Every structure is written in structure tokens, then in C-alpha cells.
Amino acid sequence: MACGLSQAQVVKNFPITGTSDSPKIQTFDRNMVNFMKRWNLPGAALVVMKNGKVTTARGYGWADMQSRTEVMPNDLFRIASTSKTFTAVTVLKLIQEGKLNLNDKVFDILNDLKPLNGRSINPQIYQITVQNLLQMSSGWFNPGAGHFDPMFGPWPQNFLAVLSPELPASCETTTRYMMSQPLRHKPGTTYVYSNMDYCILGLVINKVTGTPYGYKGYENYVKSQILAPIGIHDMVIGSTQQKYRLPNEVTYYRPPGGITPQELANSFYLPYSNMEILRKNFGNGGWLASAYDLATFIQALKHFQILNSRYLGIMQTKPAFVPKNKMTYYTMGGIISNLPGETDWIQTGSFTGTNAFILSRPDDTTIAVIFNSRPNAYAFLSRTRPELKRLLMNSGL
């Protein structure tokens, strides 16, 4: 039985934990369970906050299928690229405090990094600013054909020749590789989704705060300066080694029959490995958090408890290079959707074994949901995520 809930609240033997004051919660529970069963998602946590107050806190399904441990609303999950929002806010807080500027040149800040293997530095990279990285417009990458992700692959042959023994490489090593690579666009002119850009922002946070390059100094700074002041104390950079799973952390699962050839060929794409890909991607995808943490963080942002109104406005401003008629676009650490009848601020994250989604509405409602699996990448992007967004938008919560 699920945490004292009545049998009527367990939908077809699918456990549900937690509380809600919404009159529509039973309908939503049914829809949520049906969604999870359709996509083979073992467990999820969901928290809804309005005006700074929790109105719904739910756990669905299994934190661990073998032990039949139910998900609790405050369980920890990997949040993948939702981590980028925390990195963006930390950078903007440093700017707000006068320790950094949006137009600072990134490689003037990281002036102690040198290209790998004595390669020549590409002088074009000195055009890249902090703002370019925040808006994912560094200029290294092409949209569509020919685009590769230096942090996750698939890697071109010249990259493999340099880094194959270390793949996936650390953020610092990958940045040193990219310092010699040509730009495809003038920085600040073209958006291309980029883990690399936020990886480098993690190093910028290291340098500006006087901590060594890597996840530990970044983690300690964000925890002490951003999270603790708003009452978040359990977030950490995660590990991909199962032996380091935390007591209140869920188990992660790959989808049945949904693994891709690339994932099968590279153990670091699986939910557990010795590769520590989360720690190597600390600034762009490394955090563990609960749904409570995600909702609390976004609500604190909206209530100016971290950034003031000026810098929250900058964070959500439409980039100058985005066409005027484009109503959905990436800003800094999130997506703004201004479609007819739909004005939302969205943060998303996915990796093998996890899927996080935050929907923030204009009525000061934030919905955060995290799963401990995801369908294969193609189905996730093309079908599952849009379906999840519709489910949350029409939830009535």
C-alpha cells in the first residue's frame, strides 16, 4: 500500500504517494499513470507550487523495481540538462554582484587554458562572450547536418584521434580541444543547442569564484551561494556508479527494447557505468534534485529571491538573433513559449535513465516532474515530451 493512501488511490496496482489539495487530482492521477504505463516509465515525482506554496506533491510508481520501493515526492533524481538553469542563474548572480559581465570574453577569463597537444589556438574564439554561451550561440556548431556534441558524441574522427582514450572527456579537456576548432558562425548570431556552451560556463564559474576546474568547486559554490539561501540543501552533483547511489535517490532504468546502437556500443550512455559522465558534465547536466527542489528554485527565481527583476528579465529576454515571428525560443537556461493561449517558461532535461520537465505558468504556478527512465531519444523528443507538456498544461493542478 502506498503511504497510507486508500486502495482507491492506487491506480491499477500502480502506487501513488503524497498529497494534493486539487479537486482534479484523481483525474490527473489516472492520466499520469496511463502516460507512464504507455511509455514504460517505472517511477516519477511531481510537485506543484503556487505563490510559493506546495499544493500537490506526488510520487508515482517505483523508485526501485526490484525491492518494490515506491517513489516519494522528495526522492532525488538526476535532472540532466535542467542543470543548465542552475548554471545560468549562478552566472547571472555573479554578474549582478559585479564579478562578471555579459560581454566579457570567455577565453580572456579562462586565460590559463591551452589547446590540447600543442595545437594552435583559433583566434576567433576570443570573440565568444559570456552572453553567447548563455544563449547557446558560441558559433562552433551548425544546426542540423554536421552538428556533433563534443560532450556526448557522436564524435568526428579528428576528435576520436585525440580523445578516444578518455571519452567521454572532462569539461576542461573538451574545452581545450575546442579552443583549436574553427567557428561555423559569428558568435551571437545563430542558436544551436549546445552542452559544450554550458560546460564552459561551469569552468567560468570555477575561475571567477577561485575554485579549481571541475565539479567539486562548482558544486560547493552553487550550493552555498544559490541553493542554501532559498532552503535547498539536498542537491548534489551525481555519480554514474551504482555504489554511490544516495539513500533517497531513485534507481535509473533504460527503456525495454528502446536502447539505441550508440548506447549499446558505449557504456557511458547507460544508466550506470564507471565513466562519471555526470561529474564531467557538471555545468550542463550533472545535478541530482527532487521535484520539490526544482519547483522551489523556479518559484524563488520568479519572486526575485535569487536574481533581481533586472537580471531575471535579462534571463528571459528573447535573443536579438531570434526571428521576430518565432514564438518559441531558447533564452538563458530555459525555453520561452509565447504561442496563442500558451505563455510558459520551460526547463527540460533528459538522458538515458532520466527525464525532467518544469513548466512555469504566468499565474505563478510551477509544475516540476522527474522520471527515472525515458523512452529512446527519438521517441522522447518527437512524441513523449510533447505529450507530457500537454498533460501538464491541461492538468488543472
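The values are calculated or read from the model by the stated rules, or taken from the named source; none is laboratory data. Computed from a prediction, not measured in an experiment: that's the story for all the values here. Cβ coordinates were reconstructed from backbone atoms using ideal geometry, including for glycine residues, and neighbour counts include every protein chain displayed. Note: areas computed on protein heavy atoms with side chains; ligands, DNA, RNA excluded. Shrake-Rupley method; radii C 1.70, N 1.55, O 1.52, S 1.80 Å.
Here is how the numbers come out for the structure above:
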item	result
Exposure rank, largest accessible area first [V236, V33; 1.4 Å]	V236, V33
Global form of the range 274-397, assessed from the alpha-carbon gyration tensor, a/c cut-off 1.5	rounded
Exceeding the 27 Å Cα-Cα cut-off - candidates K216/K318; K186/K324; K99/K389; K114/K280; K53/K207	K216/K318; K99/K389; K53/K207
Pairwise Cα inverse-distance average, inverted: Kirkwood Rh of the range 38-179 (Å)	19.0
Under 16 Å from the Cα of K50 - lysines, other chains or at least 8 residues apart	K24, K302
Sulfur and carbon atoms: percent of accessible area, the range 311-354 [1.4 Å]	60
Mean separation of Cα contacts under 8 Å (6+ apart) over length of the range 25-145, as relative contact order %	13
Local electrostatic count at M72 - Lys and Arg +1, Asp and Glu -1, tallied over other residues with Cβ under 12 Å	-3
Max mean-square fluctuation residue, GNM over the chain, Cα-Cα springs under 10 Å, options K324, K114, K302	K324
Reciprocal of mean inverse Cα separation for the chain (Kirkwood radius, Å)	21.5
Cα lying deepest toward the dipole's positive end in the chain, options P156, I95, S20, charges on Cβ	P156
Karplus 3J(HN,Hα) series, Hz, for the range 350-356 with 6.51 cos²θ - 1.76 cosθ + 1.60 (x for Gly, Pro)	8, 7, 3, x, 7, 7, 10
Dipole magnitude (debye, nearest 20) for the chain, charges at Cβ of Lys, Arg, Asp, Glu	540
Length-normalised contact order of the range 130-183 in % [C-alpha pairs under 8 Å, at least 6 apart]	37
Virtual spin-label span in nm between N308 and M393, 7 Å along Cα→Cβ	3.5
Accessible surface, the chain, averaged per residue in Å² (probe 1.4 Å)	40
Within the range 78-128: Cβ-based charge dipole about Cα centre, in debye rounded to nearest 20 (Lys, Arg +1; Asp, Glu -1)	220
Positive-pole candidate from L167, W62, G139, dipole of the chain, charges at beta carbon	G139
Proximal aspartates and glutamates to K223, defined as alpha-carbon separation beneath 16 angstrom and excluding residues fewer than eight positions away on the same chain	D234, D293
Theoretical ellipticity at 222 nm over the chain - DSSP helices of four or more residues, -39500 (n - 2.57) apiece, nearest 500	-8000 deg cm²/dmol
Check: the range 284-379 dipole with +1 on Lys, Arg Cβ and -1 on Asp, Glu Cβ, in debye	320
W345 accessible area, assembled protein chains, probe 1.4 Å, Å²	10
Residue-wise HN-Hα coupling along the range 31-36, computed from phi with Karplus coefficients 6.51, -1.76, 1.60 (Hz; x: Gly, Pro)	5, 5, 5, 4, 4, 5
Formal net charge of residues neighbouring L391 (Cβ-Cβ distance under 12 Å; K, R +1; D, E -1)	+3
Surface accessible to a 1.4 Å probe, H303 within the full protein complex, Å²	70
Residue order for S138, S224 - accessible surface, 1.4 angstrom probe, largest first	S224, S138
Two-site FRET efficiency, N101 against A379, from Cβ-Cβ distance with R₀ of 35 Å, rounded to 0.05	0.25
Sum of side-chain charges, Q124 neighbourhood, beta-carbon under 12 Å (Lys, Arg +1; Asp, Glu -1)	+3
